[in-house]
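Input: a single structure, listed below in structure tokens.
The values are calculated or read from the model by the stated rules, or taken from the named source; none is laboratory data. For clarity, every value in this text was computed on a predicted model and none was experimentally measured. Cβ sites come from the backbone with ideal geometry, for glycine too, and all protein chains shown count toward neighbours. When the accessible area is computed, the model is the full protein with side chains, heavy atoms only, and any ligands, DNA or RNA have been set aside. Shrake-Rupley method; radii C 1.70, N 1.55, O 1.52, S 1.80 Å.
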Amino acid sequence: MGANILLSSEDLGFMIKGVFSFYIGDTQVWITTTHVCLLIIIIMLTIFSVCAKRTMKSASEVPGTFQNIIEMCVEMLDNMIKNVMGKNATKFLNYIGTLFIFIMISNISGLLGLRPPTADYGVTFPLGVTTFALITFNKFKHQKVKGVIKGLCEPWPFWLPINLIGDFAVPISLSLRLFANVLSGTIMMALVYGLLSAVAYVWPAVLHVYFDMFSGAIQTYVFCMLTMTYVSDAIGNE
Amino acid sequence: MFNQEFILGCSAIGAGLAVIAGIGPGVGQGIAAGHAAAAVGRNPGAKGEITSTMLLGQAVAETTGLYGLLVAMLLLFVKPLLP
């Protein structure tokens, strides 16, 4: 096809590629680059957490370098979550902290030459759905069924379908935002390396700082911030 | 009635048009940054807080533009219009 010269995804490596496939029954299941990158990141994080646990077990009064880094990370996450959620923070520290670290490392992994796993809708959508489940669960737990129905019929009862759509748009918009942001960064870097490969030396580092680090960090912050805001909203102020 | 090349070409034009959605977030982010600059001018002590609020708002405002990008990507790579 002539139209595919510019779109030849083999040259510009930003599409998801299959590594190998196998059959379950009649369905072909592909193991893609996303799986591989996710696996690498999970192994990295596991090693990091094991090391962190070991260091914190023999924590000293005067912290060493590694202990200092861990304490800084945990303190930063604690402060961020406590600032937004107030007294509810302790219950959600684990979830939001895990989310933050995972998304952050995933977004930054473009620097390591991986294709960021968050640039795959199959990764961000489950994250959005998890958040949605958390929101809905807390809504029913704290506002009871009566409160939820009352909230859905907010201004007038015939507003119900619009409120329902608004509720179900939350996970979709959350996951699409993260996905599209990381994907746009990946596309830009692939275009730079693919189309300008003759002159792409040293200066793409500046673009990496913006697209991978700055954009990734901001989107991580936004995702966690919105999750916290929605959950606080669902809990309400009793 | 139309052959494949024609549909692909039209998809490419549609993708280009979809990315025009980037104008909106551009204007929105500019307005946010302008007001943030004015706020810092009025109250330089709150610079850190203003900056982080501005970045959060801008990142949320960016979403609509990214939806345009998504539509463009769908048209170019998923090719939903091909029979």
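Some values worked out for this structure:
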item: Charge dipole of the range A:70-235 about the Cα centre (unit charges at C-beta), most positive-ward option of A:GLY151, A:VAL84, A:PHE211; result: A:GLY151
item: For the range B:9-23 and the range A:102-128, distance of Cα centres in Å; result: 26
item: Rounded Å value of the spacing that divides the Cα centres of the range A:12-55 and the range A:163-235; result: 20
item: Top positive-direction residue, dipole computed over the protein assembly as shown with Cβ charges, set A:TYR23, B:GLY9, A:SER106; result: A:SER106
item: Ellipsoid semi-axes in whole angstrom, largest first, where each is sqrt(5λ) of the Cα gyration tensor of the range B:2-83; result: 40, 10, 5
item: Within a Gaussian network of chain A (alpha carbon springs, distance under 10 Å), most fluctuating of A:LEU174, A:LEU191, A:LEU164; result: A:LEU164
item: Span from the the range B:26-44 Cα centroid across to the the range A:62-94 one, whole angstrom; result: 30
item: Degrees, to the nearest 10: B:4-18 long Cα axis against longest axis of chain B; result: 10
item: Of the DSSP H helices in chain A, those whose Cα atoms cover at least 18 Å axially and whose Kyte score averages 1.0 or more; result: A:33-57, A:89-108, A:160-195
item: Computed over chain A, the ratio Rg/Rh where both radii use C-alpha atoms and Rh is Kirkwood; result: 1.04
item: GNM top mover of A:THR130, A:THR65, A:THR227 - chain A, alpha-carbon springs below 10 Å; result: A:THR65
item: Relative contact order for chain A, counting Cα pairs under 8 Å that sit 6 or more residues apart, in percent; result: 25
item: Cα centre as origin, Lys/Arg/Asp/Glu Cβ charges: chain A dipole, Debye; result: 680
item: Cross-link table A:LYS17/A:LYS57; A:LYS82/A:LYS139; A:LYS57/A:LYS91; A:LYS87/A:LYS146; A:LYS139/B:LYS79, entries beyond 30 Å C-alpha to C-alpha; result: A:LYS17/A:LYS57; A:LYS139/B:LYS79
item: Chains B and A together, accessible area buried on both sides, 1.4 angstrom probe, square angstrom; result: 1600
item: Sulfur and carbon atoms: percent of accessible area, the protein assembly as shown [1.4 Å]; result: 71
item: The protein assembly as shown - accessible surface per residue (Å², probe 1.4 Å); result: 59
item: Complex-versus-alone comparison for the range A:161-179, residues with a loss of 50 Å² or more in accessible area, probe 1.4 Å; result: A:ARG177
item: Neighbouring partner chain Cβ atoms per residue of B:62-70, average, 10 Å criterion; result: 5
item: Among A:TYR23, A:TYR193, A:TYR95, residue whose mean-square fluctuation peaks in a GNM of chain A (springs only between Cα atoms under 10 Å); result: A:TYR23
item: Computed [θ] at 222 nm, helices only, for chain A once each DSSP H run of length n ≥ 4 contributes -39500 (n - 2.57); result: -23500 deg cm²/dmol
item: Separation of the A:VAL148 and A:PHE66 label points, Cα + 7 Å toward Cβ, nm; result: 4.5
